[in-house]
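Beneath this line is the structure, given in structure tokens, with notes to follow.
The values are calculated or read from the model by the stated rules, or taken from the named source; none is laboratory data. Predicted, not measured: the structure shown is a model, and the values here were computed from it. Neighbour counts are summed over all protein chains in view; Cβ atoms, including those assigned to glycine, are modelled from backbone coordinates with ideal geometry. Surface accessibility is based on the protein's heavy atoms, side chains included, excluding ligands, DNA and RNA. Shrake-Rupley method; radii C 1.70, N 1.55, O 1.52, S 1.80 Å.
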Amino acid sequence: MQIPSIFRKRHPPVGARPGTLMVREGGEPTTMRLICYGPDGLDERTVATVAELDAALAAAPGRTAWIDVHGLGDERLLWQLAERFGIHALALEDVVNVPQRPKVDAYDAQLLVVTRMVRLVGKGALESEQVSLIVDADRVITFQEHSGDVFDPVRIRLREAQGRIRGAGAGYLAYALIDTIVDGYYPVLDDLADRLLRLEASVVDRPGNRTLGRLNHIKSQLALLRRGLWPQREAIMRLVSDGGPAIPGDVAPFLRDTLDHSTQLVEAVDSHRELVNGLLNTYLSVVGVRTNEVMKVLTIMASIFIPLTFLVGVYGMNFTHMPEVDEPSAFWVLMGLMAAIAVGMLVFFRRKGWLGGDDDDDEP
């Protein structure tokens, strides 16, 4: 699987005006899902146009609205949303021209929060996606590149009125969404930890190209997670210290808990990276030791055959008179001499510890 780089970004042409959108050709069509809620109830529906969205909002005055936008392929609809809700052109540019570095930007009474969401999509497969939030006093607009996310627990809490979320307003909804994105890193890291534990034995017992490939794959995934988590933690720190009017003061303690989770995740990623680097070093050491063992055996075999080859070469010379050539037993004498030399060298190498030495004799 090719790991997307946070630096592989769709840039507008050089010298383009601020707010130029780079909508990817063939991108996923833009769809909208509206959830209007309050202490007295909840209304959830799919809307196709901004006019239909306006009608649904007008039918639920005084309620908090969550407008969930999936797909960034309809530039016209995106500009209509920006015009209707007063989204700054630079904020919309950050939303559409993905990927951006996780950050928090204030635009008057609105707040733009750019985050990175990760999730497992298969055996060892990791998907990373930018999720942008536009937060104001009574609504949250989320923009996602693709359909599918980690927000189902938040939707269930809204539908079933679990906890304080129904009556806490848009700032608390923004916290709940950010907290769910951060918590979504935990199962990913747990999966990576399980894979690393399985690889620890393979590094020593079966150090092959497949093991090396898996280690490098995990290392790339950890680098991807780290590039998202570090700036994301900084963005949450800013929300805690100064969230502006969009984040009320009573939400700050909850965001501090999310900040603690972000710090734990950063430390876990760094710990996993150290483990991967340690396993890579162990892999190289094991491969080096095995190579040295092979070279040692080959060297010993060559050393044994050097004097034998010398004797064979001497007696293979085309001379008429050579010692013991006319004796009937000369051949067997020469064979015995060669065998004695080989056995003597093997005994010598054994006593020196160069052959068949047991490195585990001093183990407790």
Revision key, fill the gap. Karplus ³J(HN,Hα) for segment 155-165 (6.51 cos²θ - 1.76 cosθ + 1.60, θ = phi - 60°; Hz, whole; x = Gly/Pro) runs 4, 5, 4, 5, 5, 9, 6, 7, x, 9, 5
Exercise for review: Send over the per residue convex hull volume for segment 98-187, Cα only, as a whole number of Å³.
Suggested key: 103
Exercise for review: Report the semi-axes of the equivalent ellipsoid for the chain in whole Å, largest first, where each axis is √(5λ) for an eigenvalue λ of the Cα gyration tensor.
Suggested key: 72, 22, 16
Practice item. With springs connecting C-alpha atoms under 10 Å apart, model the chain as a Gaussian network and identify which of Ile218, Ile87, Ile341 has the largest mean-square fluctuation. Key: Ile341
Exercise for review: Hand me the trypsin sites (Lys or Arg not before Pro) from segment 95-142 located in a DSSP loop with no more than 12 other Cβ atoms within 10 Å, in residue order please.
Suggested key: Lys123
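Work out how much length Val294 to His217 would gain on full extension: take 0.36 nm times their residue separation and subtract the Cα-Cα distance, in nm to one decimal.
Numbers: separation 77, 0.36 × 77 = 27.72 nm, distance 2.90 nm.
Here the answer is 24.8 nm.
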Study note, to complete from the structure: Residues meeting the amide H criterion for Leu72 (H placed from the backbone, H to H distance under 5 Å, 5 or more places apart or on another chain) are Glu28
Review point. Based on the Cβ-Cβ distance from Leu120 to Ser285, what FRET efficiency comes out when R0 is 41 Å, to the nearest 0.05?
Key: 0.85
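How many Å² of accessible area per residue for the chain, probe 1.4 Å?
On the way: 19370 Å² over 364 residues.
Roughly 53 Å² per residue, with all protein chains present.
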**Study point:** Exposed GluC sites (Glu not before Pro) absent - longest run of the chain, DSSP non-H/G/I/E/B, at most 16 other C-beta within 10 Å
**Key:** 26-323
Point to revise | Length gained when the stretch Asp242-Arg33 is fully extended (0.36 nm per residue, less Cα-Cα span) | key: 72.3 nm
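How high is the relative contact order of the chain, given as a whole-number percent (alpha carbon pairs under 8 Å, six or more residues apart)? Write out the running numbers ahead of the final one.
Details: 455 pairs, mean separation 50.8, N = 364.
That works out to 14 percent.
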Check your understanding: With each pseudo-label sitting 7 Å past Cα toward Cβ, what's the Val347-Asp194 distance in nm, one decimal?
Key -> 5.8
Point to revise | Dimensions (Å) - segment 205-282, Cα atoms, principal axes, largest first | key: 57, 15, 13
Check your understanding: Measuring from label point to label point, each 7 Å out along Cα→Cβ, what is the Glu83 to Arg210 span in nm?
Key -> 5.9
Review point. Arg119's amide H: which non-local residues (gap 5+, or another chain) put their own amide H closer than 5 Å, with H modeled 1.01 Å from N in plane and none for Pro or chain starts?
Key: Glu127
Practice item. Compute the FRET efficiency between Val23 and Ser147 as 1/(1 + (r/R0)^6), taking r as their Cβ-Cβ distance and R0 = 25 Å, and round to the nearest 0.05. Key: 0.90
Practice item. On the full set of protein chains, 1.4 Å probe, figure out the accessible area of Tyr172 and give it in Å² to the nearest 10. Key: 20
Review point. What's the carbon and sulfur percent of the chain's accessible surface, probe 1.4 angstrom, rounded to a whole number?
Key: 56
Check your understanding: Just Thr180, Thr20, Thr309 to compare: in a GNM of the chain, with alpha carbon springs under 10 Å, which one fluctuates most?
Key -> Thr309
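Let me know the number of lysine pairs in the chain closer than 24 Å at the Cα, not counting same-chain pairs under 8 apart. Please report the intermediate quantities before stating the final value.
Numbers: Lys9/Lys103; Lys9/Lys219; Lys123/Lys219; Lys296/Lys352.
Counting lysine pairs in the chain gives 4.
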Check your understanding: In square angstrom, rounded to the nearest 10, how much accessible surface does His272 have for a 1.4 Å probe?
Key -> 30
Point to revise | Highest-fluctuation residue, Phe305, Phe349, Phe331 considered, GNM on the chain with Cα pairs under 10 Å | key: Phe331
